[in-house]
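The values are calculated or read from the model by the stated rules, or taken from the named source; none is laboratory data. As the structure is a computational prediction, the values presented were derived from the model and not from experiment. A quick note on method: Cβ atoms are made from the backbone with ideal geometry, for glycine too, and the neighbour counts reach across all protein chains shown.
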């Protein structure tokens, strides 16, 4: 289970890599001593090469949304992640929260020769997650930033779906 000080450092590294345009899935990204499903002390960690690190990062970043259910004035988001199922209770974001999140989460750059580059910044998702979080289950410590981003997006998508269902069909 993720959840020690080194897990927090890994979230910061995810943010830094995304901001600099580096993918967490390419060989050459330093994984350090992170192993799947846990954060181990340095003396217990096995060495991994760049390709194993890439595979581990890919597995750690997997987070599938199982369910989003309204619970009072909040949303319970359930995710399936490496090692089990986790859930969060998030307060409903305000329209301002959603606007600021969408404005700063991703950017599209127009490049020469009709190409575009998508730059994803995980920091806004992490900040909004911390603002909205009421409780979490399934972690012994900090929630990895990539799981925070998936939970925030699931909550916003569920709200958008609710507004579309209740909207006037005319």
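Observations on the structure shown:
- The single condition from (1) under 19 Å from residue 57 (Cβ atoms); (2) part of a strand (DSSP E or B) that residue 116 fails is (1).
- Number of residues in the stretch 102-119 that are touching a helix residue (DSSP H, G or I) at 6+ places or on another chain (Cβ under 7 Å) and loosely packed, with under 15 Cβ neighbours inside 10 Å: the value is 1.
- Check on residue 134, over 23 Å from residue 162 (Cβ atoms) and part of a strand (DSSP E or B): no
- Looking only at the stretch 62-81, and only at residues there that are closer than 15 Å to residue 139 by Cα and surrounded by 16 or more Cβ atoms within 10 Å (Cβ to Cβ), the one that is nearest to the chain's Cα centre (by Cα): 63
- Residues in the stretch 34-69 that are in contact with a helix residue (DSSP H, G or I) (Cβ under 8 Å, 6 or more places away or on another chain) and over 20 Å from residue 149 (Cβ atoms) were compared, and the one that is modelled with the highest pLDDT is 48.
- Selection from the stretch 109-126 of residues that are without any contact (Cβ under 8 Å) to a residue 60 or more places away in the chain, under 18 Å from residue 153 (Cα atoms) and touching a strand residue (DSSP E or B) at 6+ places or on another chain (Cβ under 7 Å): 118
- Residue 160 vs. criteria farther than 16 Å from residue 89 by Cβ and assigned to a helix (DSSP H, G or I): yes
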